[in-house]
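To start, the structure under review is shown below, and the notes come after it.
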């Protein structure tokens, strides 16, 4: 097989581990900390998780003796969307397993959680894993979005594991996947299955984080990839001087990606959904804000600029949130009646008639493109697929209409040329940065130590991440500590609480203090491509967000 020079170089890269994980595995001891509880819904969660509720957080330290590590076969699952570094989690897990006992085996279940249910797997060997070290993507074993959430599924998982003498499962995924990992761990204890379950925190969205999970893997690489592209557009805009680029960024509900990219590139405008919700900002006010920046820059002869739009921003705008909620209910209750309507005019009239006056007004005021996207196929839960709404195009059309009004009044004399972009899939499978390569390898290596010490229902945790890798700390926390109860399908269920942008945190405060000067003047930063080799301060640093949080 042919490889590019970068592929060859990345295969040869040796990820850095925390000092404690560099010791001979048999000499590493577990240290148990204080018992932890979730921040809310303690009574309900304790009843749901009698065996894994209130467990201690753990860390690893240098031991005084050497113990022999037992043969332990492990299964690994990639769950959900791709994130850079997933291959290195598996590489770290493989190396730790073999360092512990060369007779241990690692089974990769194919295609996500469905792989374990269907007993489809590949045994991961040294020759096999070496093709994937420090590379992007999830193609090593594939991923999927099947949820492990029923007792029938859990029983199948146990049966498959017992067939292959698998003593532990590592689930690499986001908040939903790690929620399922905790439920599976509880079931295995309840049924004396003898199988340990450990999770690893993955999502480029950045919303799986807390005091012990400082960052989810893939966020660093994805935001650096997007920031390179934004910087390229900034250079183009500053050269051609005739386009406003409206850029929608992946990130589901939270605005972490948009905020990090803003910190890295200093755009003229960046909307933060959490701030809009806190201030109850409506769509008209958002359009006015963007138009005012365009007018001010036009007055200085700059008919160009960059605006960053988080993917899930419509969920934070009051009238849009209300409209989406009503549409979800209406199209679920009246699915048959609506399904019979084939022409757009009929569908439009049906929706307008059955919404409340407030939501009907919001719906009719939107560009037709957005109206149609709101009524497209629903997600598996029957809800509007917010990620399919081209918010950047909606805002361009509404801003353009507002600028026409201002021009008619003589209050705007510029030109509004525009381009729309969506940056999403470009960042999910990039070659992981040095940080993500090191972090993910450490997460996987650390996951084996949790398994070896019987820590089931835990998530692998590597902390102190703004320090050099040798100073990182290794351990784990019970997944139940991260839970709260939320309504899903009309029932209250345990889920890992999503971490939204903290408006009182250092990253947002820094952004808020500088955005006005970025708006009118072109203070663009050009991050360029991800650097893999060179000075440590260039190659191994993590995100601006994490640095500002630690400051």
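The values are calculated or read from the model by the stated rules, or taken from the named source; none is laboratory data. These numbers were taken from a predicted model, which means no experiment stands behind them. Here the Cβ is made from the backbone with ideal geometry for all residues, glycine too, and neighbour counts use every protein chain on show.
For the reader, a short list of remarks on this structure follows.
- Qualifying positions in segment 111-139 - more than 16 Å from residue 82 (Cα to Cα), outside any helix (DSSP H, G or I) and out of contact with any strand residue (DSSP E or B) (no Cβ under 8 Å at 6 or more places or on another chain): 118, 119, 125, 130, 131
- Any chance residue 168 is assigned to a strand (DSSP E or B) and touching a residue at least 60 places away in the same chain (Cβ under 8 Å): yes
- Tabulated pairs, segment 324-338, first assigned by TED's automatic domain parsing to the domain that holds residue 377, second exposed (fewer than 13 other Cβ atoms within 10 Å of the Cβ), C-beta under 9 angstrom, 6+ apart or interchain: 326/356; 328/381; 328/382; 331/382; 332/382; 335/382
- Qualifying residues in segment 189-203 (those that are buried (at least 24 other Cβ atoms within 10 Å of the Cβ) and closer than 15 Å to residue 478 by Cβ) - the one farthest from the chain's Cα centre (by Cα): 196
- Within segment 204-234, if we keep just the residues that are within 10 Å of the chain's Cα centre (by Cα) and in a helix (DSSP H, G or I), the residue that is surrounded by the most Cβ atoms within 10 Å (Cβ to Cβ) turns out to be 222.
- Against the test of being closer than 27 Å to residue 437 by Cα and in the same structural domain as residue 120 (by TED's automatic domain parsing), the options 48, 78 yield a single qualifying residue, 78.
- Strands (runs of 3 or more DSSP E) wholly inside segment 451-549 containing at least 3 residues that are at pLDDT below 95 and over 19 Å from residue 261 (Cβ atoms): 483-488, 491-496
- Residue match in segment 267-286 (condition: without any contact (Cβ under 8 Å) to a residue 12 or more places away in the chain and under 21 Å from residue 366 (Cα atoms)): yes
- Flag if residue 108 is crowded, with 18+ Cβ neighbours inside 10 Å, part of a strand (DSSP E or B) and under 25 Å from the mean Cα position of the chain (by Cα): yes
- Comparison of 313, 294, 324, 309 shows that the only residue that is within 15 Å of residue 522 (Cα to Cα) and either in contact with a helix residue (DSSP H, G or I) (Cβ under 8 Å, 6 or more places away or on another chain) or buried (at least 18 other Cβ atoms within 10 Å of the Cβ) (or both) is 294.
- Condition met for residue 237 (part of a loop (DSSP other than H, G, I, E, B) and either more than 22 Å from residue 451 (Cα to Cα) or touching a helix residue (DSSP H, G or I) at 6+ places or on another chain (Cβ under 7 Å) (or both)): no
- Test for residue 351: is it under 29 Å from residue 251 (Cβ atoms), modelled with pLDDT of 90 or more, more than 32 Å from the chain's Cα centre (by Cα) and buried (at least 18 other Cβ atoms within 10 Å of the Cβ): yes
- Among (1) at pLDDT below 95; (2) over 29 Å from residue 219 (Cβ atoms); (3) part of a loop (DSSP other than H, G, I, E, B), the one test that residue 26 misses: (3)
- Scanning segment 417-436 for residues that are buried (at least 21 other Cβ atoms within 10 Å of the Cβ) and assigned to a helix (DSSP H, G or I) yields 427, 434, 435, 436.
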